[in-house]
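So the structure is just underneath, and the comments pick up after that.
The values are calculated or read from the model by the stated rules, or taken from the named source; none is laboratory data. Please read these numbers as outputs of a predicted model, since none were measured by experiment. Here the Cβ positions follow ideal geometry from the backbone for every residue, glycine too, while neighbour counts run over all protein chains shown. To get the accessible areas, we keep the full protein, side chains included, count just its heavy atoms, and leave off ligands, DNA and RNA. Shrake-Rupley method; radii C 1.70, N 1.55, O 1.52, S 1.80 Å.
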Amino acid sequence: MSSTAPPVLPISNAQPVAAGGPGAVVGSDAPANNPAFRAFINHLSASLRHGLDQRRPWAELADRSAFAKPESFSEATLRVRKNFSYFRVNYYAVVSLILAISLLTNPFSLVLLAGLLASWTFLYLFRPSDQPLVLLGRTFSDFETLTILSALTVFVVFLTSVGSVLVSALMLGVAAVCLHGAFRVPEDLFLDEQDASQATGFLSFLRGPATAAAIPTVTTRV
């Protein structure tokens with residue numbers, strides 16, 4: 001008497017799909033879903049809020065009764081240093097406003113600059129280090145990607161109107177800051193209320209109290 005063996009059912013073992021391999025979900029490793037990118041955006045937002053909290057009242061900045069002509073160049077320089085230490089967040093806002101107006105009045109330069117920043121952000125800075133850049137069926141290494149982006153930056157900044165717009169706006173902003181700082185008498189400012197240990201360098205107002213803990217560790221690309 002022959003026995004009939006039960007039919008063998010096919011068994012499929014679900015294997016995890018490697019990132020970037022066949023069957024991978026497109027967009028699963030998008031920069032917006034990158035933890036480093038999200039941490040950077042959150043830290044940048046917190047730093048901007050921290051910096052804006054340090055701004056001085058605009059009425060104090062534009063107090064007409066506090067303006068007087070400096071008697072010498074050394075006095076004007078001293079005034080600029082004191083006023084910059086006190087109004088630095090307001091001065092950064094003025095320079096940023098002038099820069100924004102200059103870019104908005106030059107839409108071609110604005111589009112080129114936005115495209116350049118987006119290229120650096122999504123193609124190099126926050127691209128997963130274990131995934132090479134693939135464009136038009138060709139795979140680019142990190143060195144080739146960095147070389148292409150650097151050449152693109154040189155072309156956009158120096159061979160288009162972007163460089164002249166940025167330099168002109170920054171020079172105009174610095175001139176406005178120096179002019180205000182030289183004629184604004186700082187005697188009525190409470191400069192001693194600032195913490196002596198607080199950094200007063202360029203963009204130091206963006207350093208939050210927990211900067212070291214907020215910035216994620218980023219793998220250095222070579």
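Under the simplified labelling scheme, the GLU75-VAL154 pair shows an inter-label distance of 4.9 nm, with each label point 7 Å from Cα along Cα→Cβ. Given R0 = 25 Å, the distance between the Cβ atoms of ALA114 and ALA59 translates into a calculated FRET efficiency of 0.15. Rounded to a whole number of µm²/s, how large is the Stokes-Einstein D of the stretch 57-115 at 37 °C and 0.692 mPa s, given Rh as the Kirkwood radius over C-alpha pairs? Using the Kirkwood radius from Cα pairs, D works out to 236 µm²/s.
Provide the gained length on full extension for the span VAL174 to ARG38, in nm with one decimal, where the gain is 0.36 nm per separating residue minus the Cα-Cα distance.
Working: separation 136, 0.36 × 136 = 48.96 nm, distance 3.26 nm.
Additional length available on full extension: 45.7 nm.
Charged neighbours of LEU179, selected by a Cβ distance under 12 Å, balance to +3 (K, R count +1; D, E count -1). Shown are ASP188, ASP130, whose ranking by accessible area with a 1.4 Å probe and every protein chain present, most to least, is ASP130, ASP188.
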